Each structure stands twice: as C-alpha cells, then as structure tokens.
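Single-structure report; data block below.
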Amino acid sequence: MTQKMMILLSIALFASHSAFAASDAPSASAPNLTTHAARTDLPNDFQPNIKSGNLAVGGSFGSGYSTYSNVTFYLNPTLEYFVIDRLSLGGSIYYSNSSTYKSYGLGPSFSYYFWQQERWAAFFGGGAVYHDTFDGSYYSGYYNYWTAQAKLGLNYFVYPTVAFGPFLSYGHTFSNQNSDISVSDSNYGQLLFQFSVFL
C-alpha cells in the first residue's frame, strides 16, 4: 500500500511540474496583424526652383502661317535670374525664319509665377525686343523695328528643376519709317511652347 502511495505521489508531482513548466514557456503568438493607418500628414516637399537666387535657362519655339510669309518658324532662347521668389529678370534672343524673310532680335524680359499648386505653375511675363530683319520677297531689303510683348502661360514641373508648357504671346510692333523698308504699327498673337531648366 505504501509503495502504491509513493508511485501515485510521484506521478502527481511530475504532472504538476510539467504543467508549471508549460505555463512558463513562451507561447507562439499570432503575428501582429495590426495595420498602421496611412499617413495623411506627410509634407508636400515638391517645390519648384522658382526661388530667389536661381537661374531659369530655356526657351520657346513654335511655328505659324500667313499668306505673306507662308510657314514661319520661331526660336527664342531665354536666360533669367530670380531676383526674388517667383520673379525673374533677364533677356531673350529671338529668331524667326520663313521662305520670305529672316529676323533676329534681342531684348530684356521678365517672368512672374503668380500661382503654383504641386507640379503646376502659372506665370505672366513680357519684354521689349529690337528686331533686325532681311526681307527677300517683294521689297528685298533690311529693316529694323521694336516690339513690346506680353505672355501668359502654364508650366508643368517634371522635376523641381525641369518644366515645360504652352503660353500665349501678344505683341505690338512699332512703326519705323527710316529703314530700307518702312514698318507700320501692327499687333500679333502667337501660341508657343517652352522648355525651361531651373538651376
């Protein structure tokens, strides 16, 4: 009887020790499936380089048609410096070519970015241009004249330093009667495309 009691007591002690050890052992827990809420407070760090001290290097190009000159190609390289945020001053070179004339121009220019939202920025600008032109059609001679220009456009920034977009240009040509060919006052409008790098 005593031997049976000892055996039962040993079994009870072993069982209690195993249960205690199992309770202390680290249990495998289910993986943490808690999802983190999407952050909506991330700052918008995309800022176009239209800040004071930067350079805008680029130009515009396009083409047009008239009964006088047929198809005309325009190319206008530009270099401007941002004197304050969003406002740049500089100059432009103007070149146009058609089957009847070639024209070169040079003058000061400015651009002001009055609206910017993420990658889009709207601007207006203007300038004055002195043109020297050779006309090889009916008159065959040189003439020069001044124009005043205004423009309104929209740029899309692929990167903070690279942008492109269309703009409307409106100009007025001032008369000049002292050239080989006289020039009369006239107005014109153009839709051009520009590409710019901001350094």
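Has region 129-136 got any residue that is more than 21 Å from the chain's Cα centre (by Cα), part of a strand (DSSP E or B) and hydroxyl-bearing (S, T, Y)? Before you say what the answer is, go through the steps one by one.
Restricting attention to region 129-136, the residues satisfying the condition of being more than 21 Å from the chain's Cα centre (by Cα) are 129-136.
Still in the list and also part of a strand (DSSP E or B): 129-135.
Still in the running and hydroxyl-bearing (S, T, Y): 130, 133.
Scanning region 129-136, I find at least one residue that is more than 21 Å from the chain's Cα centre (by Cα), part of a strand (DSSP E or B) and hydroxyl-bearing (S, T, Y), so the answer is yes.
Each row is one residue, and each column tells you yes or no for (1) at pLDDT 95 or above; (2) surrounded by 15 or more Cβ atoms within 10 Å (Cβ to Cβ); (3) within 19 Å of Q190 (Cα to Cα); (4) touching an Asp or Glu at 6+ places or on another chain (Cβ under 9 Å).
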residue: Q117; (1), (2), (3), (4): no, no, no, no
residue: A122; (1), (2), (3), (4): yes, yes, yes, no
residue: F134; (1), (2), (3), (4): no, yes, no, no
residue: Y138; (1), (2), (3), (4): no, no, no, no
residue: G141; (1), (2), (3), (4): no, no, no, yes
residue: A148; (1), (2), (3), (4): no, no, yes, no
residue: Y159; (1), (2), (3), (4): no, no, no, no
residue: L168; (1), (2), (3), (4): no, no, yes, no
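The values are calculated or read from the model by the stated rules, or taken from the named source; none is laboratory data. Predicted model, so just to flag it, every value in this text is computed and none were measured. Please note: Cβ atoms are built from the backbone with ideal geometry, for glycine as well, and neighbour counts cover all protein chains shown.
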